Amino acid sequence: MSAKRIKERMSGNEAVAYAIRQVEPDVMPAFPITPSTEIPQMVSTFIANGQMNTDFIPVESEHSAMSAAIGSEAAGARTMTATSSVGLALMWEELLLAASNRLPIVLTLVNRTLSGPININCDHTDGMGARDTGWIQIYSENNQEAYDNYIQAFPIAEDPEVHLPVMICQDGFITSHAVENIELLEDAPVREFVGTYEPEEFLLNPGNPVSVGPYSVSNYAMEARKAQEDAMVRSKDVILKIGEKFGTLSGRSYGLFEEYKTEDADYIMVIMGSAAGTAKEAVDELREEGVKAGVLKLRVFRPFPEDEIAKALSGCKAAAIMDRCESYNGHGGPLAQEIPAGLFRNHVNIETVSYVYGLAGRDFRVEDVRGIFRDLQDLTENGKTIEQFRYVGLRSKQE
């Protein structure tokens, strides 16, 4: 049954902080860092005003924040935190421990580039850098999705088939600080949807003592890694189940990705985050001009939906693969590596071109998207040789 919807105007940070108040986790350790600082600031205000019953733990660093989150989650408390950029990098060691200990912590990541050069604006360097830490990663296009994704994070993480930490990502400043119209849900339906966290095993249970994070000898460590991988694979079905259930509640269903005008598309752009809105605007213009363009907006990056993406792209002539980070391998970012590999394994033979865009907050415009689709047309229709890896919006030497 659908819940009452409340129309409001909020920034992405406000929307996530509001969702945190509604979910009311037991513990939130956090350390401020731009552009996610507002989230713990707002949550601590909610707590001080008596609007939620969460223990807020101010710590001396992001490493300490994730260490405290691991401790509280292991003790049986539903726990979340927030960070950005080098804050996530400082958590690196602890991110791996949270995942290997199978602790369903939720982290809201406001994406910001990693230094250097020193910069505080948006790209996906931080989240992509943590892609192999064992965390589920879900990306948001806009403020509404940041709110919706956060509410879905806990039932995904805590599902017995999963029991892995979840990272909910949104683009720094672009969504975190920009105000948009949004539909909120009432508190009671959100809390019913999320439910009560009842861990099967936890430290503060004297009747059933357990050890968390013990040294693992070689005879057992590899099996533990495989168990993590199996849980990550199983999480795809859980993400889809929770996304459908959330749709019944809110009227907004979610899958592994969104297909925008791809049914008959000759050319498809694969992209994540807020820039998907720019891509959709360009596609609308191109459709009016008779160009069969479409957008595949990737929502779930981990687990990586390789087979599903390959199927979605199988009917097009060419795809542009868009990375908002650089892997320094000479041919693009993470998507530029994983998507063509998935196409190959699924025997989908289409042209692909890899692009890096929007690094450190560089503008990504509708005209840029149109130019990329022109590249794909030249490649397939005019036989033009296209450089297979290119930067978008790069300044010339003269500039």
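Which of the residues belonging to segment 356-375 are more than 23 Å from SER115 (Cβ to Cβ) and either in contact with a Phe, Trp or Tyr (Cβ under 8 Å, 6 or more places away or on another chain) or among the basic types (Lys, Arg) (or both)? Let's see the steps before the verdict.
Quick first cut of segment 356-375, residues more than 23 Å from SER115 (Cβ to Cβ) only: 365-375.
Correct list: ARG365, ASP368, ARG370, ILE372, PHE373, ARG374.
Please verify whether segment 299-315 includes one or more residues that are among the small types (Gly, Ala, Ser), farther than 22 Å from CYS122 by Cα and over 25 Å from the mean Cα position of the chain (by Cα). Checked against the condition, which is being among the small types (Gly, Ala, Ser), farther than 22 Å from CYS122 by Cα and over 25 Å from the mean Cα position of the chain (by Cα), segment 299-315 yields at least one hit. Residue selection: GLU180 fails the criterion of being in contact with a Lys or Arg (Cβ under 6 Å, 6 or more places away or on another chain), in the same structural domain as ARG9 (by TED's automatic domain parsing) and more than 18 Å from LEU298 (Cβ to Cβ).
Does segment 1-33 hold any residues that are under 19 Å from PHE154 (Cβ atoms) and of a type in the set (Phe, Trp, Tyr), and which are they? Listed by number, the list holds a single entry, TYR18. Within segment 129-143, residues that are touching a residue at least 24 places away in the same chain (Cβ under 8 Å) have Cβ atoms under 6 Å from residues that are aromatic (Phe, Trp, Tyr) in these pairs: GLN137/PHE301, counting only partners at least 6 apart in sequence or on another chain. In the set (1) in contact with a helix residue (DSSP H, G or I) (Cβ under 6 Å, 6 or more places away or on another chain); (2) modelled with pLDDT of 95 or more, ASP132 fails one condition alone, (1).
Can you work out which of the residues in segment 101-117 that are within 22 Å of SER235 (Cβ to Cβ) and under 16 Å from the mean Cα position of the chain (by Cα) is surrounded by the fewest Cβ atoms within 10 Å (Cβ to Cβ)?
Of everything passing the filter in segment 101-117, PRO104 is surrounded by the fewest Cβ atoms within 10 Å (Cβ to Cβ).
Filtering segment 379-399 to residues that are assigned to a helix (DSSP H, G or I) and exposed (fewer than 14 other Cβ atoms within 10 Å of the Cβ) leaves only GLU381. Quick check on THR81: is it in contact with a Cys (Cβ under 9 Å, 6 or more places away or on another chain), at pLDDT 95 or above and assigned by TED's automatic domain parsing to the domain that holds ASP159? In short, no. If we scan segment 185-197, do we find a residue that is surrounded by fewer than 15 Cβ atoms within 10 Å (Cβ to Cβ), of a type in the set (D, E, K, R), outside any helix (DSSP H, G or I) and at pLDDT 95 or above? Yes: one or more hits. The residue pairs whose first member lies in segment 39-57 and is modelled with pLDDT of 95 or more, whose second member is of a type in the set (Gly, Ala, Ser) and in a helix (DSSP H, G or I), and whose beta carbons are closer than 7 Å, counting only pairs six or more residues apart or on different chains, are ILE39/ALA17; MET42/ALA17; VAL43/ALA17; PHE56/SER44; ILE57/ALA68. Selection of first residues in segment 369-389 that are within 19 Å of VAL295 (Cα to Cα) and modelled with pLDDT of 95 or more and of second residues that are of a type in the set (Lys, Arg) and exposed (fewer than 13 other Cβ atoms within 10 Å of the Cβ), restricted to Cβ pairs under 6 Å at least 6 apart or on distinct chains, gives the following pairs, ordered by first then second residue: ASP378/LYS384. Looking at LEU379, LEU359, just one residue is in contact with an Asp or Glu (Cβ under 6 Å, 6 or more places away or on another chain), under 15 Å from ALA319 (Cα atoms) and assigned by TED's automatic domain parsing to the domain that holds ILE321, and that residue is LEU379.
The set of residues in segment 338-376 being closer than 14 Å to THR278 by Cα and among the aromatic types (Phe, Trp, Tyr) consists of TYR357, PHE364, PHE373. Are there any helices (runs of 4 or more DSSP H) wholly within segment 1-100 with 2 or more residues that are surrounded by fewer than 17 Cβ atoms within 10 Å (Cβ to Cβ), and if so which? Output list reads 38-48, 92-100.
The values are calculated or read from the model by the stated rules, or taken from the named source; none is laboratory data. All values reported here derive from a predicted model rather than from experimental measurement. Methodologically, a virtual Cβ is constructed for each residue, glycine included, from the backbone with ideal geometry; neighbour enumeration extends over all protein chains shown.
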